[in-house]
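The structure appears below as structure tokens.
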């Protein structure tokens with residue numbers, strides 16, 4: 001599919017002699033099954049094509065078709081059976097950001113134009129197809145209005161010019177969070193979907209970054225303003241030159257909408273004209289390793305507790321931001337997958353276990369996939385709407401970076417409050433989304449640091465400690481979400497907390513460390529290609545200690561301390 005095509009109705013279309021039928025011919029010639037006419041601030045292209053077809057149909061009914069008109073009508077009919085054409089527009093929001101609105105063919109042109117009028121596109125410019133239409137509505141209003149109007153809101157070329165991701169800018173953090181995490185936004189259109197590694201846009205919005213917990217569907221489109229690519233400028237693409245492969249049960253707008261509303265991120269991939277081998281998304285996931293929203297288990301045997309570990313992970317993901325579990329493979333991409341011997345039975349077993357052991361009710365998707373010639377299972381876990389979720393009614397698990405652990409009292413309280421806030425929000429009238437806070441405020445009673453460089457955004461901080469009756473009790477801060485947990489002992493601490501307390505208890509003399517201003521690197525550990533850092537920061541109130549910080553948590557001056565990121 002190529003959901004970002006311009007037609008002769010866009011004022012900057014580069015081949016004014018081309019017709020709408022030419023665009024359809026080119027789309028069919030490139031093997032496209034679905035396209036969208038996303039002209040600038042107008043649906044005039046889609047409307048004029050429909051009017052042309054209706055005119056030819058009328059001539060046919062009255063027996064007045066010429067041979068050329070009959071040929072044109074027959075070609076329209078043939079192409080419309082092969083290519084799904086969706087009405088759309090590319091809206092220019094305030095500050096010049098571009099938002100694509102895509103609608104079902106059943107949506108009337110008048111209704112879509114009414115949405116554009118609501119977004120302050122002047123009525124006298126509604127047919128001009130210009131990218132500049134004066135003061136319009138903001139990005140969040142555009143997302144909401146498109147979604148409420150039954151359409152799909154897609155951020156156009158989000159990582160490029162006029163894109164809402166603000167890639168390459170050191171400002172606009174709150175704006176970028178709001179513009180890329182809004183619940184009315186269906187997907188991000190990116191220009192680097194082919195790129196692998198941590199620096200791709202899809203990796204940035206994979207749900208692992210603390211400020212961007214919602215994983216986003218990413219697609220690519222050509223943004224074609226001509227039929228064929230410009231031979232003098234390879235970036236000036238033609239129809240279908242940057243398309244997306246998508247797996248759908250049927251070719252329809254409704255199937256596409258269902259995909260974007262789902263937590264299944266394995267059904268889209270960048271299209272390649274000559275694909276040498278099938279894209280193995282599970283192997284790709286293994287190369288990324290365990291994280292806050294994905295993990296791997298080599299089996300689901302009851303003996304040895306493997307099945308229980310899987311159920312605990314499901315519970316933890318539901319209490320966090322959802323995630324993906326792969327059963328039948330180890331985390332290491334170098335090890336061959338073991339597979340599941342009886343996958344159909346295993347799916348039934350997992351569905352029963354999740355239903356019986358996790359409360360409240362949680363709807364997960366369990367299906368069979370293939371990697372390396374082996375059948376494996378995938379569990380898609382949604383973010384739970386009614387936390388806290390528990391195993392066997394009383395064991396509450398949470399996700400701590402790449403590990404699952406039992407929640408302690410303060411974390412359980414936070415989950416309960418989150419569930420209450422969600423229920424309250426759903427009961428209140430809908431309002432425009434507000435940018436979330438980048439760093440949550442610590443709760444009352446916990447010492448707050450003076451304004452300085454913000455702490456890293458992943459890992460844990462040992463905030464303070466006190467001795468009571470011969471036992472040392474620590475206060476820990478989760479740097480990903482700002483939650484503070486008191487009364488943690490070394491004996492009761494989870495793995496990362498236990499490590500942090502152990503390292504904190506053995507801090508070397510500060511004068512022996514190498515400082516970069518008020519920052520210092522204590523230790524760097526690398527496991528399965530993922531680096532974690534232990535860091536110190538001097539403040540007027542004393543030294544702050546951070547442990548297990550991943551690259552996702554490094555920002556600002558911390559980059560000078562840890563050095564360049566390794567691919």
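The values are calculated or read from the model by the stated rules, or taken from the named source; none is laboratory data. Please read all numbers here as calculations on a predicted model, not as lab measurements. In this analysis, Cβ positions are derived from the backbone assuming ideal geometry, glycine residues included, and neighbour counts consider all displayed protein chains.
Brief remarks on what is shown
- Any hit, region 126-148, residues being without any contact (Cβ under 8 Å) to a residue 12 or more places away in the chain and more than 17 Å from residue 182 (Cβ to Cβ): no
- Selection status of residue 310, assigned to a helix (DSSP H, G or I) and either more than 28 Å from residue 459 (Cβ to Cβ) or modelled with pLDDT of 95 or more (or both): yes
- Subset tally (residues that are crowded, with 24+ Cβ neighbours inside 10 Å and within 20 Å of residue 124 (Cα to Cα)) for region 11-52: 8
- Among the residues of region 325-368, just one is over 14 Å from residue 297 (Cβ atoms) and touching a residue at least 60 places away in the same chain (Cβ under 8 Å), namely 365.
- Only one entry of 269, 275 meets the criterion of being at pLDDT below 95 and surrounded by 13 or more Cβ atoms within 10 Å (Cβ to Cβ), and that entry is 269.
- Residues satisfying the stated conditions in region 367-390, i.e. crowded, with 21+ Cβ neighbours inside 10 Å and either assigned to a strand (DSSP E or B) or in contact with a strand residue (DSSP E or B) (Cβ under 8 Å, 6 or more places away or on another chain) (or both): 371, 376, 377, 378, 379, 381, 389
- Residue in region 148-171 that is out of contact with any helix residue (DSSP H, G or I) (no Cβ under 7 Å at 6 or more places or on another chain), farther than 27 Å from residue 294 by Cβ, at pLDDT 95 or above and surrounded by fewer than 17 Cβ atoms within 10 Å (Cβ to Cβ) present: yes
- Test for residue 507: is it surrounded by fewer than 18 Cβ atoms within 10 Å (Cβ to Cβ), touching a residue at least 12 places away in the same chain (Cβ under 8 Å) and part of a helix (DSSP H, G or I): no
- Check on residue 181, surrounded by 16 or more Cβ atoms within 10 Å (Cβ to Cβ), farther than 24 Å from residue 6 by Cβ and at pLDDT 95 or above: yes
- Unique residue being farther than 22 Å from residue 133 by Cα and assigned by TED's automatic domain parsing to the domain that holds residue 102 when the list is 54, 38, 44, 9: 54
- Members of region 1-18 found to be under 9 Å from residue 35 (Cβ atoms) and in a loop (DSSP other than H, G, I, E, B), listed by number: 1
- Unmet criterion (only one of (1) crowded, with 17+ Cβ neighbours inside 10 Å; (2) under 23 Å from the mean Cα position of the chain (by Cα); (3) modelled with pLDDT of 95 or more) for residue 400: (3)
- Of all residues in region 106-118, those satisfying the criterion of being touching a helix residue (DSSP H, G or I) at 6+ places or on another chain (Cβ under 7 Å) and surrounded by fewer than 22 Cβ atoms within 10 Å (Cβ to Cβ) are 109, 117, 118.
- Selection status of residue 164, touching a strand residue (DSSP E or B) at 6+ places or on another chain (Cβ under 8 Å), farther than 16 Å from residue 321 by Cβ and touching a residue at least 60 places away in the same chain (Cβ under 8 Å): yes
- Residue that is nearest to residue 216 (Cα to Cα) [pool: residues in region 185-204 that are in contact (Cβ under 8 Å) with a residue 60 or more places away in the chain and touching a strand residue (DSSP E or B) at 6+ places or on another chain (Cβ under 6 Å)]: 187
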